[in-house]
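First up is the structure itself, then whatever we jot down about it.
Every number in this text was worked out from the coordinates using simple rules, so none of it is lab data. Everything numeric in this text was worked out from a predicted model, so none of it was measured. Reconstructed Cβ throughout: ideal geometry from the backbone, glycine too, with neighbour counts over all protein chains shown.
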Amino acid sequence: MNIFYFDHTLQGLLCAIFDAYKIKCFPDLLLAEGEIGPLIVDTTHTVETMSYKYQRVSQALKKKLSPFALTQIRYIWHAETPESKMLLFRYLCKVLDSAKNIEKHYSDPDILAVKKLAKKVSAERHYLMMFVRFNKTADDIYFAPVAPRYNVLPFIYRHFQQRFADQKWIIYDESRHYGYFFNGETIEEMTLLDDKDFLINNKINATYLAEDEPQFTALWQKYIQALTIRERINPKLQKRAMPTRFWKYLPETWTK
Amino acid sequence: MRKAIIDKLTILAESAKYDVSCASSGSTRQNNSQGIGSANRWGICHSFTEDGRCVALLKIMLTNFCMYDCAYCINRRSNDIERATFSPRELAKLTIEFYRRNYIEGLFLSSGVIKNADHTMEKMLQVVKLLRIEHHYHGYIHMKTIPGASPELIYQAGLYADRLSINLEIPTEDNLKQLAPEKDHQSVYKPMHFIQQYALESKEERKKHRHAPRFAPAGQSTQLIVGATDETDRDILNLTSILYKRPTMKRVYYSGFVPVNEYDKRLPIVNEVPRKREHRLYQADWLLRFYQFNVHEIVNENYPTLDLDLDPKLSWALRHPHLFPVDVNRASYEQILRVPGIGVKSARMIVAARRHSALTVNALKQIGIVMKRAQYFITCRDKLGTTVQEFTPEKVRLALTTRTLSSETLPAQFSLHF
Ligand code: SF4
């Protein structure tokens, strides 16, 4: 088994591709530096991330793929599933090996898998745009805790920045312990120093909320209740459209 | 004696909830970094009620007082229900507060008629103007047009709202007269026509001057109530297809009649909301808009009603077995689109993927084709199974209805993405 160690960035992965072609040895496993590998290993190689390498690879990819497929690459990278790194590696090699654009060659299992996983990541991104719920805090920052299945915050903050350009907000990934803070002008990545005090059971500690915040939460809950057509109750349909894993952040589902 | 906001909200949401058009798509408004809000080309749902409907917009009435007495409406004046009225300022504020928390995608404003059509429209306009001018709000606004409103006010409304709608409600005029004696189709078609005219004019103007005002950039929509009167699916879909021929008409919504009122002898006795029928109508509507079907192929003299047990595409295919099977590796996109079990996306994928290599059953499954249905209608590289020709339409029908009846759950016909 061949193992490549890299710095666990997308650029590093592109450099791994560069190296593989150069030394004519292709990895069976990509590991982040410091990660523990399997017991039986044939060769190991440590990838050095350098700009000339990833630029060469990304230029070659740009020639062979549509902008849509290039976005898919970023989606796969941010999926962060056990298989996604190797899947991406194999996919990109196939793209580079072929003379023509093969991104729609769906009978190839890797190409189809890329499409499917990218779609899931994109769906998660969309779910967040739907289900982010801001809570106004006492210092006038709108705060939304989230816990997406994939690491999709980098794909959504621009949408929120555009939409909520005149308010300060934070979208915080509780499971990955980081978030984005919009201060009214620019976006910064941030981490809560004391998230156990600030967030209790996925909700913002009531003492930090703006005074009128519970009132708006209640208005929203009431509104959703009033809107429901009792003759047509269909929880299955509701859950399919709004998966229960989001419910802990949705005030309209708390009252039951 | 002022009502608390929370009571008004409850009363006026209850009153607005039977109006189904929740879509907020079709308009892009960029935020030029001042103020709040943006409208997304693909509208975003923000929640789903227990009945499974999407909540995208704050769907609310400005008031549920009404001088009219439409038999099918919960707000008719002869009903003894709780009434409330928002002040335009209260409603604008509430919209902004909901929007800031990402609860909603925008506002869907309707109203009962107070005094007269124009007075009502003016009140509604106040809300919309407050949002756009005072709150610098760039989010989505859908505004109902009151039947009979004057062209000036409709013009104003279109300058501030993304979409305007005016509901036909009852497909034929005679039946409308029965149920809503104070209304007629003219009072609906006229405003529809104004909206279309203003929107097209503004489009022309904007070609010449980039800064000419936009008029209802997301077009207009309307709604038909299904099952309150005796129109057939053929009547309804014929009307729909005429409506879609009008430029700017983006959506026709179908609302299964819910008996909200005490028994009224003008109305049929319904024990159940006709959900299945409503669902089939939406499917037929999709065939018209995205599958290049002509309305006469779906319903006609011989088939005036949609089959409740089969989706309209399958039902069409079984009536035309001689057109099948189609070879997915050779047939045109249009032919593939007509295969039961193949949707727009899969049809596109098939056409793209077959350039690389001939498709097999397995590849088709991977692409997401519903083979249960498609198998009778296609051939591909390694498929030798029985097609509808040999199997006969009757048997296919039987095989597919026994299955669909148990496995089909009604999807969200209120799905937002178009
Ligand atoms: S005019 Fe509108 S609100 Fe008034 S009763 Fe008729 S349908 Fe209902």
Modelling each spin label as a point 7 Å along the Cα-to-Cβ direction, I'd like the A:Ala218/A:Leu70 distance in nm, to one decimal. 5.2 nm
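Among B:293-299, A:81-87, how do they line up by average Cβ neighbours within 10 Å per residue, starting with the highest? Intermediate results must be reported in sequence, preceding the final value.
Numbers: B:293-299: 17.9, A:81-87: 15.4.
Descending mean neighbour count gives B:293-299, A:81-87.
Arranged from highest to lowest average of other beta-carbon atoms within 10 Å per residue, in what order do the peptides B:84-97, B:142-155 appear? Mind dumping the intermediate values first?
Details: B:84-97: 19.6, B:142-155: 21.9.
Final packing ranking: B:142-155, B:84-97.
I'm checking a number: the convex hull volume of the Cα atoms of the stretch A:132-253, normalised per residue, in Å³. What is it? Before the final figure, lay out each step's value.
Values: hull volume 14.8 nm³, N = 122.
It comes to 122 Å³ per residue, whole-number rounded.
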Filtering chain B for DSSP H helices with an axial alpha carbon extent of at least 20 Å and a Kyte-Doolittle mean of at least -1.0 returns B:393-407
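Give the average, rounded to an integer, of partner chain Cβ atoms located within 10 angstrom of each Cβ in B:354-364. Don't jump to the answer; show the numbers that get you there.
Values: counts 3, 3, 10, 4, 1, 2, 1, 0, 1, 4, 2.
Average neighbour count from other chains, rounded to a whole number: 3.
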Per residue convex hull volume, Cα atoms of the stretch A:69-158, in Å³: 99 Å³
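Kyte-Doolittle mean at least 0.0 and Cα extent at least 27 Å along the axis: which DSSP H helices of chain A qualify?
Taking the DSSP H segments of chain A (at least 27 Å long, mean hydropathy at least 0.0), we get A:109-131.
Beyond 26 Å, what share of the Cα-Cα pairs of chain B remains, rounded to the nearest whole percent?
Numbers: 51524 of 87153 pairs.
Cα-Cα pairs in chain B separated by more than 26 Å: 59 percent.
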Separation between the B:Thr172 and A:Asp140 pseudo-spin-labels, each 7 Å from Cα along Cα→Cβ, expressed in nm? 6.2 nm
Quick one: how many lysine pairs in the stretch A:132-253 have C-alpha atoms under 21 angstrom apart, if they're 8 or more apart or on different chains? 13
Among the lysines, select those whose C-alpha is under 20 Å from the C-alpha of B:Lys129, and discard any that sit fewer than 8 residues away in the same chain. B:Lys59, B:Lys93, B:Lys144
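What FRET efficiency comes out for the pair A:Cys93/B:Phe391, r = Cβ-Cβ distance, R0 = 56 Å, nearest 0.05?
On the way: r = 45 Å, r/R0 = 0.80.
Efficiency at R0 = 56 Å is approximately 0.80.
If I take R0 = 25 Å and measure r between the Cβ atoms of A:Arg245 and B:Lys276 in this structure, what FRET efficiency does the formula 1/(1 + (r/R0)^6) give, to the nearest 0.05?
Calculated value: 0.25.
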Calculated FRET efficiency, B:Glu262 and A:Leu10, Cβ-Cβ r, R0 60 Å, to nearest 0.05? 0.40
For A:Ala147 and A:Glu231, compute 0.36 nm times the residue count separating them, minus their Cα-Cα distance, and round to one decimal in nm. 26.9 nm
So, with points 7 Å from each Cα along the Cβ direction, the A:Leu193-B:Lys372 label distance in nm works out to 5.7 nm
Structure-based [θ]222 nm, the protein assembly as shown - -39500 (n - 2.57) summed over DSSP H runs of at least 4, per residue, nearest 500: -12500 deg cm²/dmol
For the pairs B:Lys313/B:Lys345; A:Lys64/A:Lys120; A:Lys63/A:Lys100, flag any whose C-alpha to C-alpha distance is greater than 18 Å. A:Lys64/A:Lys120
May I have the extent of the alpha carbons of the stretch B:214-355 along their three principal axes, as whole Å values ordered from largest to smallest? 61, 45, 23
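How big is the dipole moment of chain B about its Cα centre under a simple scheme where the beta carbon of each Lys and Arg is +1, that of each Asp and Glu is -1, and everything else is neutral? Debye, nearest 20, please. Don't jump to the answer; show the numbers that get you there.
On the way: 58 positive and 44 negative charges, 348 e Å.
Charge dipole of chain B: 1660 debye, to the nearest 20.
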In whole angstrom, and with the biggest value first, how far do the Cα coordinates of chain A range along each principal axis? 64, 44, 39
As an exercise, take the mean of 1/r over every pair of distinct alpha carbons in the stretch B:3-219, invert it, and state the Kirkwood radius in angstroms. 17.8 Å
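Sorted by mean Cβ packing within 10 Å, highest first, what order do the peptides A:182-191, B:324-333 take? Kindly include the intermediate steps, with their values, before the conclusion.
Details: A:182-191: 12.0, B:324-333: 17.9.
In descending order of packing, they fall as B:324-333, A:182-191.
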Just tell me how shielded A:234-240 is by partners: mean number of partner chain Cβ atoms within 10 Å of each residue's Cβ, no decimals. 6
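Volume per residue, Å³, of the convex hull around the alpha-carbon atoms of the stretch A:2-124? Could the numbers behind the result be given before it?
Numbers: hull volume 13.2 nm³, N = 123.
Per-residue hull volume (Cα only) is 107 Å³.
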Across 20 Å bins from the origin, how do the percents of Cα pairs in the protein assembly as shown run, short distances first? 16, 44, 34, 6, 0
Residues with amide H under 5 Å of B:Val370's amide H, sequence separation 5 or more or different chain, H placed in the peptide plane at 1.01 Å from N; which? none
